1. Which count do you get for residues in the stretch 124-148 that are in contact with a Leu (Cβ under 9 Å, 6 or more places away or on another chain), away from the ligand (no atom under 16 Å from the Cβ) and basic (Lys, Arg)?
2. Suppose we keep only residues that are within 22 Å of the chain's Cα centre (by Cα), of a type in the set (D, E, K, R) and surrounded by 18 or more Cβ atoms within 10 Å (Cβ to Cβ) within the stretch 330-358. Which one would you say is nearest to Phe294 (Cα to Cα)?
3. Quick check on Gly243: is it part of a loop (DSSP other than H, G, I, E, B), at pLDDT 95 or above and either in the same structural domain as Asp65 (by TED's automatic domain parsing) or farther than 21 Å from Gly339 by Cβ (or both)?
4. Here are the criteria: (1) within 23 Å of Ser283 (Cβ to Cβ); (2) in contact with a Gly (Cβ under 8 Å, 6 or more places away or on another chain); (3) open to solvent by 90 Å² or more (accessible area, probe 1.4 Å). Tell me which single one Tyr8 does not satisfy.
5. Restricting the search to the stretch 51-97, which residues are more than 16 Å from the ligand (Cβ to nearest atom), farther than 17 Å from Leu274 by Cα and among the polar types (S, T, N, Q)?
6. Please find, among Thr155, Thr167, the residue that is within 16 Å of the ligand (Cβ to nearest atom), hydroxyl-bearing (Ser, Thr, Tyr) and in contact with a Leu (Cβ under 9 Å, 6 or more places away or on another chain).
7. Looking only at helices (runs of 4 or more DSSP H) that fall completely inside the stretch 9-126, which ones have 2 or more residues that are in contact (Cβ under 8 Å) with a residue 60 or more places away in the chain and under 24 Å from Leu327 (Cα atoms)?
8. Could you say whether any residue in the stretch 69-92 is closer than 24 Å to Phe229 by Cα, open to solvent by 40 Å² or more (accessible area, probe 1.4 Å), among the hydroxyl-bearing types (Ser, Thr, Tyr) and out of contact with any strand residue (DSSP E or B) (no Cβ under 7 Å at 6 or more places or on another chain)?
Amino acid sequence: MEIKYPEYLKKVQTYQPGKPVSELQRELGLNEIVKLASNENPFGCSLSVKKAVERYATQINRYPDGGAYYLRQALSQFLEIAPDQIIFGNGSNEIIDMIGRVFLSDGSEALFFEGSFVVYRLIAQISGGRYREIPLECDFSRNLEKMLESISERTKVIFIDNPCNPTGFANKREEMNEFIKNVPDNVIVVLDEAYFEYAKPHGVPDGIDYIRRINPDIPEKNVIVLRTFSKAYGLAGLRIGYGVARKEIIQILEKVRQPFNTNALAQIAALEALKDQQFVQFSVEENEKGKQFFYEEFERRNIRFVPTFANFIMFHAHTAEELYQKLLHQGVIVRPAFGFRDYLRVSIGTEEENIRFFEALDKAGYSCR
Ligand SMILES: *Cc1c(COP(=O)(O)O)cnc(C)c1O
């Protein structure tokens, strides 16, 4: 029996997440599995989060606070922006979805760079909008002037993941300042800073500064910054992220937010996680060490990789699909780098996991020496 549904949905390919550990265990009967596929925090999360979630377990019969009052207050202080400049999402992915529904469903156009986070294209497609992809430079860097030149009458939203997933590339503060200065007033710039905590020490802009109006030379623009508790804060399984923008934009997005979109445990966990900046600091420092280890080991094998500003690295493998399978069979889960056919993406793990990855790589016989 044929079911009718909108034409624009027919092209949509369902999102493929990193393979869950339990799935690989079922399929291959392997025990010691290392998942370096979804850029999760390999050190878990703050101990105080675990305690708070346990304490709260007796109250899960109640609906959450739809306004996320306590988390909103804490985040407002932490970020130095007003409480009504924040919107929470069931992961920052949900906010991308809200942006699509609000700003693209009339057929407006989204722009993003080639090889951006795949969810932008997905959301542009399912909301009934259009999209155009701007080519990268040959070293995977992104030319923001090229992005400015590509803006058309139809352009409503520009998505920039900074750092980019999966290349790990990030634009620096000065170039982003110029871009924001020159972007037209009627365009909404979404700066997706899912990896902000990892990138911050390296001269990457804090997009919220454009909303705080830190720099008087940069006029007010329609910027939405997305952040998440899924990465450095270690709460990927609970699904909570947020968007920051001027109040008028937040009020529009609130129209499409489901009343209880962020769950109670996620709100409690995020509040505790925010308080434990020491854990975040530790995670970022360990990631730096892991990054250096990856660089050295890739160089030693003469394997090409893209320098990263985040907690994952994209590396070249002329037999990417085959290598991916070979690693899987040794219990190491990495990820195809979507948009880059001959590349894989590996998350930086604990020291032990990183060593396991290179052991598996060697066993798979992959080297370019
Ligand atoms: C991981 C990631 C996110 C975060 O998604 P959540 O829904 O908050 O878990 C957002 N953007 C990019 C580019 C990411 O890589």
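1. Qualifying residue count for the region: 2.
2. Arg345
3. Numbers: part of a loop (DSSP other than H, G, I, E, B): no; at pLDDT 95 or above: yes; either in the same structural domain as Asp65 (by TED's automatic domain parsing) or farther than 21 Å from Gly339 by Cβ (or both): yes.
Spelling it out, it is not the case that Gly243 is part of a loop (DSSP other than H, G, I, E, B), at pLDDT 95 or above and either in the same structural domain as Asp65 (by TED's automatic domain parsing) or farther than 21 Å from Gly339 by Cβ (or both).
4. (1)
5. Thr58, Gln59, Asn61, Gln85
6. Unique residue meeting the criteria: Thr167.
7. Numbers: elements: 21-28, 47-56, 69-79, 92-103, 119-126.
Qualifying helices (runs of 4 or more DSSP H): 21-28.
8. yes
The values are calculated or read from the model by the stated rules, or taken from the named source; none is laboratory data. What you are looking at is a predicted structure, and each value in this text was computed from that prediction instead of being measured. Note: ideal-geometry Cβ built from the backbone for every residue, glycine included; neighbour counts use all protein chains shown. The protein model used for the area step is the full one, side chains on, heavy atoms only, and it has no ligands, DNA or RNA in it. Shrake-Rupley method; radii C 1.70, N 1.55, O 1.52, S 1.80 Å.
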